[in-house]
Amino acid sequence: MAALTAQDETQLYYPNKMVRIILLAMEEVMGRTGVNAVLNLARLRHLVNNFPPNNFDRQFTFAELGALMRSLDEMYGPRGGRGLALRSGRACFKYGLKEFGPVLGVADLAFRLLPLHLKLKVGADVFAETFNKFSDQAVRLGEEEDRFIWQITRCPVCWGRKSETPCCFLAVGILQEALYWVSGGKNFEVNETACVACGDDVCTIVIDKKPLD
Ligand SMILES: [Zn+2]
């Protein structure tokens, strides 16, 4: 509970709506009991059976999200935690699309009619903008001939964490599902190559433009 009272200007926040999406996605993957256990371990007991309201108020700190992800690893081991974070990330996209899709125009016919390479580009831009606009997460999108570089310069997923290998699997899962949706059912190689938790300056996720299938 203590972390929530420190509404310090230097703190970075996610809006309630995004945290609600993450918890609903985790609940879909792990069940209510699983989510409650992880919330308890992360010292977020006030959210047990009491998910945040569906609004844009920025009330959930990056430190709290980092703790939530760390607890997933503590409880299920690094391998188990990684799998659950990836699957939760993928599930987040569905809930996120319901909340943000109409605002962003990505469900419009005009978007759906674009050729794949443009859909990926426009989709990635819009997606990066969503985080930049509605949360304190900062995303910078770079592009090379055969890949997109998704750089999270302020990343909540690994906030306060230390790890030998990149650990922002929730973010990787969301991107995988976003690409799957945008491309009408194709899978893409998505890899985190640098991570603040490993001592890098930013979290970097590399997305191959060519689908795997
Ligand atoms: Zn990160």
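The values are calculated or read from the model by the stated rules, or taken from the named source; none is laboratory data. Not measured: the values here are computed from a predicted model. Methodologically, a virtual Cβ is constructed for each residue, glycine included, from the backbone with ideal geometry; neighbour enumeration extends over all protein chains shown. All accessible areas refer to the heavy atoms of the entire protein, side chains included, with ligands and DNA or RNA removed. Shrake-Rupley method; radii C 1.70, N 1.55, O 1.52, S 1.80 Å.
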Return the loop-located GluC sites (Glu not before Pro) in region 66-171 (DSSP other than H, G, I, E, B) with at most 12 other Cβ atoms within 10 Å of their own Cβ; answer none if there are none. GLU144, GLU145, GLU164
All lysines inside 26 Å of LYS210 as judged from Cα atoms, apart from same-chain residues fewer than 8 positions distant: LYS94, LYS119, LYS121, LYS186
Can you pull the one-decimal nm distance between simple spin-label points at ASP213 and ASP201, each 7 Å off the Cα toward Cβ? 3.8 nm
State in Å² the accessible area per residue of the chain; use a 1.4 Å probe, count heavy atoms of protein chains only, and round to the nearest integer. 50 Å²
Charge tally in the Cβ shell below 12 Å around GLY81, where Lys, Arg are +1 and Asp, Glu are -1, GLY81 excluded: +3
Which ³J(HN,Hα) values in Hz, rounded to whole numbers, follow from the phi angles of region 117-125 under the Karplus curve 6.51 cos²θ - 1.76 cosθ + 1.60, where θ = phi - 60° and Gly and Pro get x? 4, 6, 4, 4, 5, 5, x, 5, 4
Please get the size of the charge dipole for region 131-213, origin at its Cα centre, with Cβ charges of +1 on Lys and Arg and -1 on Asp and Glu, quoted in debye to the nearest 20. 300 debye
Going by Cα centres, region 113-173 and region 35-63 are how many Å apart? 23 Å
What residues have an amide H closer than 5 Å to that of GLN59, excluding those fewer than 5 places away on the same chain, when H is modeled at 1.01 Å from N in the peptide plane? TYR14, ASN16
For region 54-162, state which trypsin sites (Lys or Arg not before Pro) are in a DSSP loop and have at most 13 other beta carbons lying within 10 Å of their beta carbon. LYS162
